[in-house]
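The values are calculated or read from the model by the stated rules, or taken from the named source; none is laboratory data. Owing to the predicted nature of the structure, the values given are computational and were not obtained by experimental measurement. Neighbour counts are summed over all protein chains in view; Cβ atoms, including those assigned to glycine, are modelled from backbone coordinates with ideal geometry. Note: accessible area is taken over every heavy atom of the protein model, side chains too, but ligands, DNA and RNA are not part of it. Shrake-Rupley method; radii C 1.70, N 1.55, O 1.52, S 1.80 Å.
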Amino acid sequence: MKFSFKSLLVLAAFAPFALASCSEKTQENAEATAESAANDAAANTEAAGDAVENATDNAAAEVKEETAPTAGDTAVVRNQPAAGAVEETPVKQ
């Protein structure tokens, strides 16, 4: 498709009007939308970080609770073969 020189001049003459046709209100709305999106992203990132921190704290508390010694823990581990079932308990000193 060929463009004549006159067509290019007409296009060049109306291009600034077409580019400047965005109203100031539209530009303000676009800026507000971008700022709102940035604030939302920051809030979501912070909420996700808090959720990860809480989950980590809960998991650590569960592990600590499960691995805490209880009153019945008296097993002694010795690296020696057993001849059968071992049903001895260590003598308290």
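Would you say GLU35 is modelled with pLDDT of 85 or more and either open to solvent by 80 Å² or more (accessible area, probe 1.4 Å) or of a type in the set (Ser, Thr, Tyr) (or both)?
Numbers: modelled with pLDDT of 85 or more: yes; either open to solvent by 80 Å² or more (accessible area, probe 1.4 Å) or of a type in the set (Ser, Thr, Tyr) (or both): yes.
Answer is yes for this residue.
Any residue at all in segment 38-58 that's modelled with pLDDT under 85 and assigned to a helix (DSSP H, G or I)?
To start, the set of residues in segment 38-58 that are modelled with pLDDT under 85 comprises none.
No; the residues of segment 38-58 include none that is modelled with pLDDT under 85 and assigned to a helix (DSSP H, G or I).
What pairs come out if I take residues in segment 65-76 that are open to solvent by 100 Å² or more (accessible area, probe 1.4 Å) and pair them with residues that are modelled with pLDDT of 70 or more and part of a helix (DSSP H, G or I) whose C-beta lies under 9 Å away, six or more apart or interchain?
Cβ pairs passing all conditions: none.
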